[in-house]
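The values are calculated or read from the model by the stated rules, or taken from the named source; none is laboratory data. Only a predicted model underlies this, so the values are computations on that prediction, with no experimental measurement involved. Neighbour counts run over all protein chains shown; Cβ positions are idealised from the backbone, glycine included. With ligands, DNA and RNA removed, areas are computed over all heavy atoms of the protein, side chains included. Shrake-Rupley method; radii C 1.70, N 1.55, O 1.52, S 1.80 Å.
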Amino acid sequence: MNLEQIKEKVKNFKVEVPSWGFGRSGTRFHAFHILGEARDVYEKMDDAALVNKVTDAVSAVAIHIPWDKVDDYKALKEYTENKGLKIGAVNPNYFEDEDYLYGSLSNSNIKIRRKAIEQTFECIEIMRQTDSKVLSMWIPDGSNYPGQIDFKHSFELLENSLKQITNELDNDMTMLLEYKFFEPAFYSTLLCDWGTSYMLSKALEEKVKVLVDLGHHPQGTNIEYIVSLMSFKRKLGGFHFNSRKYADDDLTVGSLNPYELFLIFVELNKYFDLSLENQEISLVLDQSHNIKPKIPAVVQSLNNLQITYAKSLVVDYEQLRQAQDEQDVIKAEEILKSAYETDVRGILRELRKEKGLPEDPINNLLQREEYKRIIKERI
Ligand code: PSV
Ligand code: MN
């Protein structure tokens, strides 16, 4: 791919931003007030629009229910669209309701299970009202102590609940099953790895796919291999971008293991054209910024994603394949390394100029009156 082609692709590359990335968040220990944090879903939409103004890299805003509950979803949709954006994946929250102490969709108490199913139906209705096509499910159910649950029984209950939910989905809707190996369940988690998500997605319907979150694997897991296999089997439906050092740390995407992120993009490019407007795969930033100012943190993250995506397009895939076939290990690795080491910042500067965007989106944002007003007014 020549530089002009790479520029065109990066120009059209867009990612969904999470509503929760703009609001209050914290660790298990404390959630600090950060200047400028959004206080409701409308302010979150304002912030996403501001991010888009300086990056033109936002495809939609993912929402979390009940965090983003409103009385009138059509009005929320209209508000979002008036800002030049749309509502993306709808994420039901199964981890805060007091009733979910012993699980949600797998709870052995049928009343609680029913409540979790009904809550999900409500999210599907929200999808209809907001024209969202992706139901993004992270189900934390599991156990904290050995003996607490019977693994098989709980898994069957979960599978049964998910069956009822898939039956409720419209034909053009996709359900994503996001796995995570631990937390908040510290002994066992039902959907703990790609294998369990894949197994369920196979047992359910074609419209059920796997979501990979970069913070949800044990140390040392080869995530790019999972991405490759799930894509090959046409079961990779979504991605949550972030970075981690210890566990699910929600660090800035591309900050701690940028080479890993690059290798993941290399695999994604083999199966998807990430520059297309209508993606088969839902690409979402999933970060809660604990101590950083939220809006610049999202801009910074999108910038990291654009840089890494551009580098991954520099790879000569044909040559790489040839080197692999010839078992030229050094050449194959050098092809990847040299693409990774390419300085693509010039491409980004140029495409931003062509789009009438600021060359340095973070600084531009910080200087904007609109941003300064947000900082001053949101107390
Ligand atoms: C869980 O850790 C997760 O990655 C899920 O996607 C949640 O919905 C999200 O974080 C927000 O807390
Ligand atoms: Mn996630």
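Based on the mean of other beta carbon atoms within 10 Å per residue, what is the order of 17-27, 262-272, most packed first?
Ranked by mean Cβ neighbours within 10 Å, highest first: 17-27, 262-272.
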**Study point:** Set 11/53; 14/311; 11/74; 83/180; 111/163; 86/235 screened for pairs whose C-alpha atoms are more than 22 Å apart
**Key:** 11/74; 83/180; 86/235
**Study point:** Shape call, the chain: gyration tensor on alpha carbons, a/c limit 1.5
**Key:** oblate
Check your understanding: Mean residue ellipticity at 222 nm from the helices of the chain, using -39,500 (n - 2.57) per DSSP H segment of n ≥ 4 over the full residue count, to the nearest 500 deg cm²/dmol?
Key -> -14500 deg cm²/dmol
Review point. Roughly to the nearest percent, how much of the accessible area of the chain is carbon and sulfur, given a 1.4 Å probe?
Key: 49 percent
Study note, to complete from the structure: Quick calc, residue 151 & residue 129: beta-carbon distance into FRET formula, R0 51 Å, rounding 0.05, result 0.85
Point to revise | Global geometry of the range 1-111, whether rounded, prolate or oblate, following the gyration tensor of its Cα atoms and the 1.5 cut on a/c | key: prolate
Check your understanding: Between residue 379 and residue 325, 0.36 nm times their residue separation minus their Cα-Cα distance comes to what?
Key -> 13.4 nm
Review point. When only C-alpha pairs under 8 Å and at least 6 residues apart count, what is the relative contact order of the chain, in percent?
Key: 20 percent
Check your understanding: Restricting attention to the range 23-88, which chymotrypsin sites (Phe, Trp or Tyr not before Pro) occupy a DSSP loop and are surrounded by at most 14 other Cβ atoms within 10 Å?
Key -> 29, 32
**Study point:** Proximal charge balance of residue 237 [Cβ under 10 Å; K/R count +1, D/E count -1]
**Key:** +2
Study note, to complete from the structure: Rounded to whole Å², per residue accessible area for the range 69-168 with a 1.4 Å probe reads 51 Å²
Exercise for review: May I ask you to list the aspartates and glutamates whose Cα is less than 15 Å away from that of residue 152, ignoring any residue fewer than eight positions away on the same chain?
Suggested key: 141
Practice item. Please list, or write none, the aspartates and glutamates whose alpha carbon is within less than 18 Å of the alpha carbon of residue 355, excluding same-chain residues fewer than 8 places away. Key: 4, 8, 56, 277
